[in-house]
Amino acid sequence: MRPPARRGRRLALPALLSLLTCSLAFALVSKDVKKEVKQSKNLEKSGISEKNDVDLKGIAFVIQSQSNSFHAKKAEQLKQSILKQAADLTQEVPRVLLLHQLAQQEGAWTILPLLPHFSVTYSRNSSWIFFCEEETRIQIPQLLQALRRYDPSKEWFLGKALHDEESTIIHHYAFSENPTVFKYPDFAAGWALSIPLVNKLTKRLKSESLKSDFTIDLKYEIALYIWDRGDGPPLTPVPEFCTDGVDSSCATAFHSFLPLCGNPVKKKDIFVAVKTCKKFHGDRSHCGKTFAILERFLNHSYDKIAWLVIVDDDTLIRMVFSREAIRRLLASKCRCYSNDAPDDMVLGMCFSGLGVPVTHSPLFHQARPVDYPKDYLSHQVPISFHKHWNIDPVKVYFTWLAPSEEDRARQETRKGFKEEL
């Protein structure tokens, strides 16, 4: 709809032109009114309207949190911000869930296994499940206003849309003829499912188990599962779901700087190992080589070195371990089932069995910068990328990873805002 102010400016033309433009202005206004009526009817048919009544008690917030103390604290801070805004609006306190506290559900971090729980618990009294990351900043009034455009009795999948610029290995080269056609949400901006869609997905989950037992890119795979080859809804882009937060109409924004967890680790406290071989060292025996590195670090390095960083010869930083984590791993009986087993999966299973959670960071990337949407990388300070195929790794380093003068200045400025673990 065109805002009334714009129409008013048309009618407020200088007096000199009023006689010449009066009939034209009337025609334009009449055309606008007809257009607005037509748009209103189209919006009503699609379920988009300004009239849908949504309040906070109709939204269940799910913060995609982690059990690590630093991340749990950030998630709790966001929860308190949501509750405070609700109190300021004198609205009923909404339900705010921390994902890591639902960890008794197997695979809870992948969201889909939790949908039956959400369906049973919230389908009667809620209209929306709104997901966000711990660093997402939410403006509750703008969020309510945005959600009121969508009929909660229909199936909706809402978010800030990302798309691939070209087909990529991390998405199994799907939609190779036109990668831009498939949209998936940027979790940092928040995303939402209507309860009817949650209920539909729950029925599907009960009738057929999830086909994959591992996840590469969660946001993409959730969108693919919901879309269900056209039998489910595609992602509907919501302009108020933002990451830059520049626009005052934004319901969400996202902090794009590195977390300040305390004083930086000194270089002398880091042991770096490069996984490679004589050929280019070319073919790799992943798992056996990784465990050999772990043994070398624990038994043949100085005890005071606290951290081990493992990199491939085509990766700019791959895995990071504390000495205590390695000590517990090697003290256990968990080992590679073969030398060429995928080391990341073996390590994941081993640490899971030991009760040592993996702390996830979206700043570690398993592909090249060109394999990610520009809009996704724009609100990040990347730590690593993987694969040197058809790229200049030195250029990638200086473009994305080398510290700039701006970064150094920002770190100096933020020293006064130290956050305790």
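The values are calculated or read from the model by the stated rules, or taken from the named source; none is laboratory data. Bear in mind that the values here come from a model prediction, so they are computed numbers and not experimental data. A quick note on method: Cβ atoms are made from the backbone with ideal geometry, for glycine too, and the neighbour counts reach across all protein chains shown. These area figures cover heavy atoms from the full protein model, side chains too; ligands, DNA and RNA do not enter into them. Shrake-Rupley method; radii C 1.70, N 1.55, O 1.52, S 1.80 Å.
Brief remarks on what is shown
- Working ranking of peptides 138-148, 118-128 by packing, defined as the average number of other Cβ atoms within 10 Å per residue, highest first, is 138-148, 118-128.
- Oblate is the label for region 190-276, because the ratio a/c of its alpha-carbon gyration tensor axes (a ≥ b ≥ c) is 1.5 or higher and a/b is not greater than b/c.
- What a 1.4 Å probe finds exposed on region 56-253 is 50% carbon and sulfur by accessible area, rounded to a whole percent.
- Across region 90-187, the mean sequence separation of Cα contacts (distance under 8 Å, 6 or more residues apart), normalised by length, yields a relative contact order of 18 percent.
- Extent along principal axes [Cα atoms of region 89-204; Å; largest to smallest]: 49, 33, 29
- Stretchable slack from Asp53 to Arg335, in nm (0.36 nm times residue separation minus alpha-carbon distance): 95.9 nm
- Average accessible surface for region 56-253: 45 Å² per residue, computed with a 1.4 Å probe over protein heavy atoms with every protein chain in place.
- Label-to-label distance, nm, for residues given as Lys304 and Glu177 (7 Å Cα→Cβ offset): 6.4 nm
- Euclidean distance between Cα centres, region 101-140 to region 245-276, Å: 25 Å
- The stretch between Ser249 and Ser167, if pulled fully straight at 0.36 nm per residue, gains 26.2 nm over its current Cα-Cα span.
- Three-way shape label, region 270-354, alpha-carbon gyration tensor, a/c 1.5: oblate
- Average accessible surface area per residue within region 270-354, 1.4 Å rolling probe, Å²: 57 Å²
- Equivalent-ellipsoid semi-axes of region 56-253, from the Cα gyration tensor, Å, largest first: 25, 19, 18
- When the listed pairs Lys160/Lys267; Lys333/Lys387; Lys266/Lys374; Lys57/Lys374; Lys219/Lys267; Lys211/Lys387 are checked against a 30 Å cut-off, the alpha-carbon distance exceeds it for Lys160/Lys267; Lys333/Lys387; Lys266/Lys374; Lys57/Lys374; Lys219/Lys267.
- Contact order, relative form, for region 73-138: 39 percent (alpha carbon pairs under 8 Å, 6 or more residues apart, mean separation divided by residue count).
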